Amino acid sequence: MSQPTIPLRRTNNHLPEEIVSEILVRLPVKSLLRFRSFEFKDVYLWNPSIRKFKKLPDTCLTHLFNVSLGFGFDSQNNDYKVVRISQSTAKPMPPPDVEVYSLSSDSWKRVRLGISWRSNVVFHKFNCTLTFPFVSGNLHWMIEMIEGGGQERLFTSIILSFDVNSEKFKELPLPDDEGSCITKCLTSFKEKLALIKFGYGVQPHSLLCSIWVMGDSWNKLRVLPIENLTDFIGFTNYGLLLVQKRSRLVSTNSELERKHKSVLIDPETLHEKEIQVDYRLDVAAYMENLALLDGANVVYY
């Protein structure tokens, strides 16, 4: 059975700075102040509202490996922050290294993970299939890990939450769901943390999509039947589920093509509406603002 895939938007290839600049100046204007990692060490902040982007200073970590990023607004200090988490290469694997960039100080600083870390982790990776959700002043990542070895090997996952105001981490529980799981990811649903889990259905070649939403605890919002070969993209502000369905191969001008269609699904009524999007896409919340990008390495276009 083919498993649902979720489009990735990250590259580790080096791009010359003149190419990066050319890409950024050609991007559309209406968007949130955003960051983008073009390689492990280079991070850019971009505010289309004022037509500026800024390359951030070099890392303060000793090395960067399998990097994960997060971006959020510190409402207490009226500051924008970028979090960069780097995986260690030691065995057994210690906690990842963390640094935080502050736009107001234009600098990085180390931050301790500060949570209880398993002593026998032999492998871990960040589930980076979607943009890491920023909900209620906290960034969230899911870490998938392997503990132990041999017949004692244990596959586990944890949710890491980072308060951008206090710059403190904490671990959140996962939903108590014992059903089958092909893949799962974190996202946001109506300004709440949400977890999407794809599992096998009862019928052959059928899939189920479970939607969990965090309140005081995890609550299962809905279980949706999903066609095979479906890419989960995200939720709209109104709580509609956006997916891309990959249809069968069709013949176009004597050539075989796989046609995609983008569909909005109402989780309550299961009503589907196709929308005209002819390309792969990501979804991110945005808000126009006049946040200034000043100091060194700023480009105006």
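The values are calculated or read from the model by the stated rules, or taken from the named source; none is laboratory data. Given the structure is predicted, the values throughout are model-derived calculations rather than measurements. Glycine gets a Cβ as well: all are built from the backbone with ideal geometry, and neighbour counts include every protein chain shown.
When S210 is tested against (1) on the phi < 0 side of the Ramachandran plot; (2) among the polar types (S, T, N, Q); (3) at pLDDT below 85, just one condition goes unmet, and that condition is (3).
Scanning region 102-121 for residues that are part of a strand (DSSP E or B) and exposed (fewer than 15 other Cβ atoms within 10 Å of the Cβ) gives S107, K109, R110. State whether one or more residues within region 271-282 are over 20 Å from the mean Cα position of the chain (by Cα), modelled with pLDDT of 85 or more and either polar (S, T, N, Q) or surrounded by 17 or more Cβ atoms within 10 Å (Cβ to Cβ) (or both). There is no residue in region 271-282 that is over 20 Å from the mean Cα position of the chain (by Cα), modelled with pLDDT of 85 or more and either polar (S, T, N, Q) or surrounded by 17 or more Cβ atoms within 10 Å (Cβ to Cβ) (or both). With respect to the conditions (1) free of Cβ contacts under 8 Å to residues at least 24 places away in the same chain; (2) within 24 Å of W46 (Cα to Cα), F73 lacks only one, and its number is (1). Of the residues screened, G149 is not one that is closer than 30 Å to L207 by Cβ, surrounded by fewer than 13 Cβ atoms within 10 Å (Cβ to Cβ) and in contact (Cβ under 8 Å) with a residue 24 or more places away in the chain.
Picking from residues in region 235-262 that are surrounded by fewer than 11 Cβ atoms within 10 Å (Cβ to Cβ) and at pLDDT 80 or above, the one that is nearest to K273 (Cα to Cα) is Y238.
When region 43-65 is filtered for residues that are farther than 18 Å from L290 by Cβ, touching a Ser or Thr at 6+ places or on another chain (Cβ under 7 Å) and crowded, with 16+ Cβ neighbours inside 10 Å, the ones remaining, listed by number, are V43, L61, L64.
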